[in-house]
Amino acid sequence: TPSQIFGYHEGLMLSDVPTFDAFHDLKGTDKNYIWRSGIKHDCSKVMELRRQGDAFLNGKGDVAELEDEFVYPLLKSSDLANGRLDGARLNVIVTQSRVGEETDRIATVAPRTWRYLNENSALLDKRGSTIYKNKPRFSMFGIGPYAFAKWKVAISGFYKRLDFRIVGPIEGKPTMLDDTVYFLDCASEEEAEFLSELLNSSDAISFLSSMVFWSDKRPITVDLLKRLHIGKLAKRLGRERDYRDFVARRQSSPLFAQAKENEAAARSTASAPT
């Protein structure tokens, strides 16, 4: 708009400096709510499947009979943007519950799934990204307790609007999101509704919009989202008490406890002598 003034301000390139200044009190990093990106596997032809009766059809056109244990509903950016949230067009094989976890347990728990992965190992083993080097076979990224939260608030990184959607379980299983989607994990449906109301408020949208350049290929990023302090937003909107209640509840949830354990284990591994 004509009133917009873009410029470099407080170490940030802004698309609308006056609006940023008007909502400056929302700036900060909220350690109680950490934005995550969805799962990354870099092999959609093998890992992403369409249900076909009691079996699955992969991207190569092969039919696979798999146990349900490691198969989860999957939503992509286009699903979020178009409001396709009640059912999943696709499913995804999730080989780990946390980054770096050994995958050979799949052989015992789900032998058909393990056989399928090995039959397609030529594609999986030649994934080019260095992140897969020296990691367990068939590894993924963007995986942790947060990915298995039954409720999430999510947004597409590709679509040209700030629109936060509630994502719930599909057919009783946690819904996975792909790596073009960013999300907050929630301990309950109530918490997801609370966060969605905050993030879709005009205050939040104005603040985030002041830092977005819509001509970018991926205008919405984790770096952008984490500049908004959700606790400060709740205070501005008169929801501070609700915020404190939800933070207390999430800190006592099993997923939060598991995340803390994983973080401690990762720090221990990183500091161990080699």
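The values are calculated or read from the model by the stated rules, or taken from the named source; none is laboratory data. None of the values given here were measured: they were computed from a predicted structure. No Cβ is skipped: glycine too gets one built from the backbone with ideal geometry, and neighbour counts run over all protein chains shown. Just the protein is used for accessible areas: all its heavy atoms, side chains included, with ligands, DNA and RNA removed. Shrake-Rupley method; radii C 1.70, N 1.55, O 1.52, S 1.80 Å.
So the values come out like this:
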| read-out | value |
| --- | --- |
| Reference-scaled alpha-carbon Rg (2.2 N^0.38 Å with N residues) for region 1-68 | 2.11 |
| Total charge dipole magnitude, region 74-201, about the Cα centre, Cβ charges on Lys, Arg, Asp, Glu only, Debye to nearest 20 | 660 debye |
| Euclidean distance between Cα centres, region 67-143 to region 23-44, Å | 21 Å |
| Förster radius 25 Å - calculated FRET efficiency between K45 and D223 (Cβ-Cβ, nearest 0.05) | 0.25 |
| Charge dipole magnitude, Cβ of K and R +1, D and E -1 - the chain, Cα centre, debye nearest 20 | 500 debye |
| A107 versus R137: modelled label distance in nm, points set 7 Å from Cα along the beta carbon direction | 0.7 nm |
| Estimated inter-spin distance, E119 and I5, nm [label 7 Å along Cα→Cβ] | 6.5 nm |
| Computed magnitude of the charge dipole of region 161-221 (debye, nearest 20; Cβ of K, R +1, Cβ of D, E -1) | 380 debye |
| Theoretical FRET efficiency, 1/(1+(r/R0)^6), r = Cβ-Cβ of E190 and S129, R0 35 Å, to 0.05 | 0.40 |
| Orientation-averaged projected area, Cα convex hull of region 111-210 (nm²) | 8.9 nm² |
| Cα shape, region 156-211, gyration tensor, a/c 1.5 rule | oblate |
| Coarse-grained scattering of the chain at q = 0.12, 0.14 Å⁻¹, given as base-10 log I(q)/I(0) from a Debye sum over alpha-carbon atoms | -0.82, -1.06 |
| Rounded accessible area per residue of the chain, 1.4 Å, Å² | 50 Å² |
| Debye-sum result for region 20-135 in log10 I(q)/I(0), which assumes one identical scatterer on each alpha carbon, at q = 0.10, 0.23 Å⁻¹ | -0.41, -1.46 |
| Cα shape, region 115-274, gyration tensor, a/c 1.5 rule | prolate |
| Computed FRET value (nearest 0.05) for I166 with A55, which takes r as the C-beta separation and R₀ as 30 Å | 0.45 |
| Cut-off 14 Å between beta-carbons: net charge of the residues surrounding G7, Lys and Arg +1, Asp and Glu -1 | -3 |
| Packing rank of 173-186, 138-151, where each peptide gets the mean count of other beta carbons within 10 Å, highest leading | 173-186, 138-151 |
| MRE, 222 nm, helices only [DSSP H, n ≥ 4, -39500 (n - 2.57), over the chain, to nearest 500] | -9000 deg cm²/dmol |
